[in-house]
Amino acid sequence: MSTNNQTDQKKGDDQKRAVQLNQVPPLPGDEGKMSDSLKWFAFVSYGVGHVLNDLVASMWFTYALVFYHYVMQLSSINAGAVVLVGQLTDAVATAAIGVLSDNANIYCTDRYGRRKTWHLFGSVLVFISLPFAFSPPILPQVESSELNTALYYCFFIVFFQIGWASIENSHMALASDLTPIRDERTALLSIRYSFTVFANILVYVVTYIVLRSNNASKTQFGPSERKEFQIVILVIMIVGAMTTIIFHIGVREPLINNRVNRQLLMTETEAERAANSIWSMLKSITLYQTAVVYMCSRITVNMTLVFLPMYLQDFLKLEAEKLALLPLIMFVSSFCMSLLNKPMNMKLGRKYTYSFGVVLSLGSAFWCYVGEGDTFAKYQVYAVTIIIGIACSVVLVTSQALTTDFIGDRTHRGAFTFGLMSFTDKVCNGAVVMAVQSLHCESCPSYYRDVMVYNWTIPSCLAFIAVISLPYGGRPSPVVQEVPETHSGGNQHADQSKKHSIEKGQEALPSNSVKS
């Protein structure tokens, strides 16, 4: 009897909250449609809001080591140290900006949108500092010693990483602010990833064209490719400026008062208010499980971008143009897969979708390990990159969706949560790069092949264990509940049916979690 009473009370609370939030749940079959609160132009504008970051990330993760080690002639350790400084700066900045974005109360930022304000701040920093990070030093005496050169690049990298973290954190947190509907958040993340793939494809296409037009396609990377990097950076700046303008024009961030009022409605009791505190989140084991999934997914994707060019140049001995062509093929396959991420998550659930990506990662690692000879270098390597591109798309989008599920209706903690997730992945990415470069064996021809194999197996296995142990993310099982009719004559959903499919909140709190 007590269980039935608790169930009835829970249903009553859900009904009351649905009416309070003025959000009628979607009719069966309408779960994937956009709500009136999220117009299509705002939907697309949100998607392009991260293009600048994606362009920069593509250059950073794919060509940073190539540029600093092969073009600027830094040693393996110094090149790895430069990347490590960037990752550590990004990690600290992401966590700090996450706290400030959630809690800083400034009148002008609240009127414009606190997430958009941080996005604009980060964009300005990136535009100012990025050209210096991928160009020869403006002062000739800087190149007098390798240490001076490394410190010179670290100075500008610190600033552009702060800007990059500001854009990433604010843009990810904004997805939870724009809509409380689970499927719409998945759609936002899918369109964001689609533009991520577009940005990466653009970088590789431009790099490929520049290398071919400057007769660098038949050689490996070296100091003669300095000019080519400057041309690619110029294209990135132009495209990034246009997409940033579209984002700030097309997206209208909900006012802070609306977000606070919605949160107050969702936390009516002292117990619920305590459960939504930061300390309660930090004591939740689900937070760390979700962080492991997010961190391992980022390591798989980012380290693939970092070490794939090194693998192609050092192990397969491919020419420079292939270092742009093969990543391009990988991201084309990622783009195609991004179109299927949303329906897969809706039909199969997060866990099965993520497991599919893990299987692909392990399969590509095995193929890479056994593949050798001219046949593999000329033909089979293309298939491997296609498979890993699909795997990266699945694990990255699904891990981001799991993070938004963890946030649930606690959007006032959205930036803090994403900042915490990003902090773990940035630190680990930097540590992995530094460790790989420090242990680099010049006399080991298969060194970077082994790095790629370990990168696709170890993080995938750890993430899989964390995913299957999560208390949410299983196959969707809508609970049919009666929602009282409102007296508003314009409410068509209430007139059509009193019963709607309410997807239970995908949250970390035990009382609100979905059974797997």
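The values are calculated or read from the model by the stated rules, or taken from the named source; none is laboratory data. Just so we're clear, the structure is a prediction, and the values are computed from it rather than from any experiment. Ideal geometry is used to build each Cβ from the backbone, glycine not excepted, and the neighbour counts take in all protein chains shown. Keep in mind that these areas ignore ligands, DNA and RNA; they rest on the heavy atoms of the full protein, side chains included. Shrake-Rupley method; radii C 1.70, N 1.55, O 1.52, S 1.80 Å.
Points worth noting:
- Residue match in region 276-283 (condition: within 25 Å of THR186 (Cα to Cα), outside any loop (DSSP other than H, G, I, E, B) and either open to solvent by 20 Å² or more (accessible area, probe 1.4 Å) or in contact with a strand residue (DSSP E or B) (Cβ under 7 Å, 6 or more places away or on another chain) (or both)): yes
- Residues in region 167-207 that are acidic (Asp, Glu) and more than 12 Å from the chain's Cα centre (by Cα): ASP177, ASP183, GLU184.
- If you filter region 236-267 down to residues that are modelled with pLDDT under 85 and outside any helix (DSSP H, G or I), you find that the one that is surrounded by the most Cβ atoms within 10 Å (Cβ to Cβ) is GLU253.
- Odd one out for LEU27 among (1) open to solvent by 20 Å² or more (accessible area, probe 1.4 Å); (2) at pLDDT 85 or above; (3) outside any helix (DSSP H, G or I): (2)
- Scanning region 320-340 for residues that are open to solvent by 10 Å² or more (accessible area, probe 1.4 Å) and polar (S, T, N, Q) yields one hit, SER333.
- Here SER355 fulfils each of the conditions (1) modelled with pLDDT under 90; (2) under 28 Å from PHE416 (Cα atoms); (3) open to solvent by 10 Å² or more (accessible area, probe 1.4 Å) apart from (1).
- Any hit, region 376-396, residues being out of contact with any Asp or Glu (no Cβ under 7 Å at 6 or more places or on another chain), open to solvent by 20 Å² or more (accessible area, probe 1.4 Å), not β-branched (Val, Ile, Thr) and not in a helix (DSSP H, G or I): no
- One residue from MET295, MET330, MET310 being assigned to a helix (DSSP H, G or I), modelled with pLDDT of 85 or more, in contact with a His (Cβ under 9 Å, 6 or more places away or on another chain) and not acidic (Asp, Glu): MET310
- Qualifying positions in region 316-367 - of a type in the set (Val, Ile, Thr) and within 19 Å of the chain's Cα centre (by Cα): VAL332, THR353, VAL358
- Where PRO180 falls short, out of the listed (1) closer than 28 Å to LYS322 by Cβ; (2) not in a helix (DSSP H, G or I): (1)
- Looking only at region 294-319, and only at residues there that are within 22 Å of ILE209 (Cα to Cα) and among the charged types (D, E, K, R), the one that is surrounded by the most Cβ atoms within 10 Å (Cβ to Cβ): GLU319
- Lone unmet requirement of (1) aromatic (Phe, Trp, Tyr); (2) within 30 Å of ILE245 (Cβ to Cβ); (3) free of Cβ contacts under 8 Å to residues at least 40 places away in the same chain; (4) open to solvent by less than 50 Å² (accessible area, probe 1.4 Å) for TYR152: (2)
- Only residues that are open to solvent by 30 Å² or more (accessible area, probe 1.4 Å) and touching an Asp or Glu at 6+ places or on another chain (Cβ under 7 Å) were counted across region 73-102, and they come to 2.
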